[in-house]
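Derivation of every value follows stated rules applied to the coordinates shown; laboratory data play no part. Owing to the predicted nature of the structure, the values given are computational and were not obtained by experimental measurement. Glycine also receives a Cβ, built like all others from the backbone with ideal geometry; neighbour counts cover every protein chain displayed.
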Amino acid sequence: MEFSEVRPGIFMAVLEEEATVSLIVGETGCLLVDTGSTSGVGNQIREAISRITDQPLTTVVLTHGHWDHSFGLSAFSDYETLGHEDLVQHTTDDIPVIVGDLYCRENLNWATDQGINPKKVTLPTTLISLITVRDLGNLSVEIAHFGQAHSRTDLIIAIPTHRVVIVGDLVESGPPQFDETSSIHGWVTTLDSLYGLLKPDTCVIPGHGEPLGPEHVAHFRAGLAAIWDQAEWAFKQSIPLAEVYTHKDLNWPWDRTTAEKGISLAYAELAARTM
Ligand SMILES: [Zn+2]
């Protein structure tokens, strides 16, 4: 794998069949965003970093807990590693269990496929709830959580001086990926907040694929808002969930499978509000 420079000192690599990883190189150190899906991929990332900079890696940040972004963290246990606090929620009942986005269904399935004990998944050393900053000498990296959206643990990493934001799976070049940790309403409001950070020339680095521009963020947000607003209208009309997608007055973005998943999640959120 090789990094390419998207802005001075800001590098990204699109891993084959993997999530994007980004590297921010400052005068006093560098910060990595996302780690790939296994410790082997994590080690490839370490090698690639050593080929482009002598600056020491200081911090590794996870955009969220999904396996393709986070399970390479085990290759970085000698550094500060940082993620949202809901990656890990410890509860102690009679039988101790660990829940959190690192233990969502998708991650457990991947761990099983890889022969990884889910209880041995590497956890970040630093957990944040809202916002933090890391100083790399000539530039600051701002790291913020705007609420439950694609997952419960999404972080946006911004380098304002370079007009770059790294957004994980909050923005996709294709349709949004929903799972049981997603919130449709929260995703729309998170993208409203993200949009406030953008300038016309901001480079938006998504969790998969090549950089996107602010207009794409606006279109993506409009698609999610269309799902939420129409689902809310249908819910208030007491239209059964199974009849919402084919309702004659409604039009849906993306493909049917994506829209129906989004509608189902929106219905569950709306039902929870009435309880
Ligand atoms: Zn994801």
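Would you work out the relative contact order for segment 4-226, in percent, from Cα pairs under 8 angstrom that are 6 or more residues apart? Walk me through the numbers before you get to the answer.
Numbers: 474 pairs, mean separation 36.6, N = 223.
Computed value for segment 4-226: 16 percent relative contact order.
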Problem set entry | For segment 215-228, Karplus couplings with θ = phi - 60° (6.51, -1.76, 1.60), whole Hz, Gly/Pro x | 4, 5, 4, 5, 5, 5, 5, 5, x, 5, 5, 5, 5, 5
For this session: At q = 0.11, 0.21 Å⁻¹, work out log10 I(q)/I(0) for segment 179-275 with the Debye formula, treating every Cα as an identical point scatterer and leaving solvent out; two decimals please.
Result: -0.37, -1.06
Seminar exercise, completed: For residue 6, the residues 5 or more places away or on another chain with a placed amide H closer than 5 Å to its own amide H are 11, 12
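Over its Cα atoms, what ratio of radius of gyration to 2.2 N^0.38 Å does segment 171-227 give?
Numbers: Rg = 11.0 Å, N = 57, 2.2 N^0.38 = 10.2 Å.
Normalised by 2.2 N^0.38 Å, the Cα Rg of segment 171-227 equals 1.08.
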Exercise. Residue-wise, which Karplus ³J(HN,Hα) couplings in Hz belong to segment 249-263, taking 6.51 cos²θ - 1.76 cosθ + 1.60, θ = phi - 60°, and x for glycine or proline?
Worked result: 8, 10, 10, 10, x, 6, 8, 4, 4, 4, 4, 5, 5, x, 4
Exercise. How long, wide and thick is segment 4-226, going by the Cα atoms along their three principal axes, in whole angstroms, largest first?
Worked result: 53, 46, 30
Problem set entry | Cleavage-rule hits (GluC sites (Glu not before Pro)) in segment 118-224: DSSP loop, at most 16 neighbouring Cβ within 10 angstrom | 180
Problem set entry | Within the chain, helix-based [θ] at 222 nm, where runs of 4 or more DSSP H residues each add -39,500 (n - 2.57), nearest 500 | -10000 deg cm²/dmol
Seminar exercise, completed: Per the charge dipole of the chain (beta-carbon charges, Lys/Arg positive, Asp/Glu negative, Cα centre), the residue among 115, 177, 208 reaching farthest to the positive end is 177
For this session: Mind checking which of 70, 33, 140 is farthest towards the positive end of segment 4-226's charge dipole, using Cβ charges of +1 (Lys, Arg) and -1 (Asp, Glu) about the Cα centre?
Result: 140
Exercise. Across segment 52-69, in residue order, what do the Karplus-derived ³J(HN,Hα) couplings come to in whole Hz, using 6.51 cos²θ - 1.76 cosθ + 1.60 with θ = phi - 60° and x for Gly and Pro?
Worked result: 10, 8, 8, 5, x, 5, 10, 9, 10, 10, 9, 5, 5, x, 4, 3, 6, 10
Exercise. Under a plain spin-label model, where a point goes 7 Å from the Cα along Cα-to-Cβ, how far apart in nm are residue 114 and residue 216?
Worked result: 2.6
Exercise. Near the amide H of residue 168, under 5 Å away, which other amide H atoms are found, from residues 5 or more places off or on another chain, if H is placed in the peptide plane?
Worked result: 207
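In the neighborhood of residue 106, defined by Cβ-to-Cβ distances under 14 Å, what is the net charge if each Lys or Arg adds +1 and each Asp or Glu adds -1? The partial results should precede the final answer.
Values: positive: 105, 152, 261; negative: 68, 101, 113, 169, 179, 180.
Neighbour charge sum, excluding residue 106 itself: -3.
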